[in-house]
1. Under the Karplus relation 6.51 cos²θ - 1.76 cosθ + 1.60, θ = phi - 60°, what is the ordered set of whole-Hz ³J(HN,Hα) values for segment 38-54, x standing for Gly and Pro?
2. Please rank Asp89, Asp162, Asp18, fewest neighbouring Cβ atoms within 10 Å first, as an exposure proxy.
3. According to the Kirkwood expression over distinct Cα-Cα pairs, how big is the hydrodynamic radius of segment 4-201, in Å?
4. Can you give the relative contact order of the chain as a percent, counting alpha carbon pairs under 8 Å and 6+ residues apart?
Amino acid sequence: MPNTYLLENNGQCIDWPDLPAPPPIDRQYRLYRFLTEIEDILIATPEPEAQLKQIIPRVQQLLEQSPWLFFDPLQPDPEKGWEVQMLYDEPEFPLTVQIVAWEPGSQSPIHNHGAWGIVAMLQGEEKNTFWQRSATSEHPHRITQIGHQNLACGDIIGILPDAIHHITALGDQPTVSFNLYGATDYNARYEFDPHQHTAQIF
């Protein structure tokens, strides 16, 4: 049975099983309808956690009715170790939809997103490692590792804007996920170095 999680701004990852069911539909749930409904949620609901609570069930609904996402899985670039396919990115619209593929064994930088995010696993397995800010007067960008959660095919995690994590692709096949992000504050999106205690905007 797929699992649903919420990664909070403090790095705590909690089970989030009791999400509301999406409204019933009378036809195939296509991407354009999904985007329109998400826009309505974003307008009516200002808080990121409340937005995620309503959007995740619609992501589940979209994936259940979108076999085209699984026909020809995205392959990672062998030199970079990853690849991104943009499904939707419109200027001045606070929503980005991507398919992301990682080579087995590859690892992302430690980062936050400066936006809420949703990652739904389509193929493979990845380890999400979570970090918490632990600033000192000497090192204001110091972070501490506090836990991890493995995500398998079908699992979904909602990520709040200031949550810090990195992913590692597990197993012997590429990890592929459906990723959705809200409006990004690029002045608050960082890559962290836990050894040097630094953070750089990226």
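1. 5, 4, 4, 5, 5, 5, 7, 10, x, 8, x, 5, 5, 4, 4, 4, 8
2. Working: Asp89 11, Asp162 19, Asp18 7.
Least crowded to most crowded, the residues run Asp18, Asp89, Asp162.
3. Values: mean 1/r = 0.0574 Å⁻¹.
Computed over segment 4-201, the radius equals 17.4 Å.
4. Values: 452 pairs, mean separation 54.0, N = 202.
The value is 27 percent.
Throughout, read-outs are computed from the coordinates displayed, never taken from laboratory work. Here the structure is a predicted model, which means the values were calculated and not measured. Cβ atoms come from the backbone with ideal geometry, glycine included; neighbour counts cover every protein chain shown.
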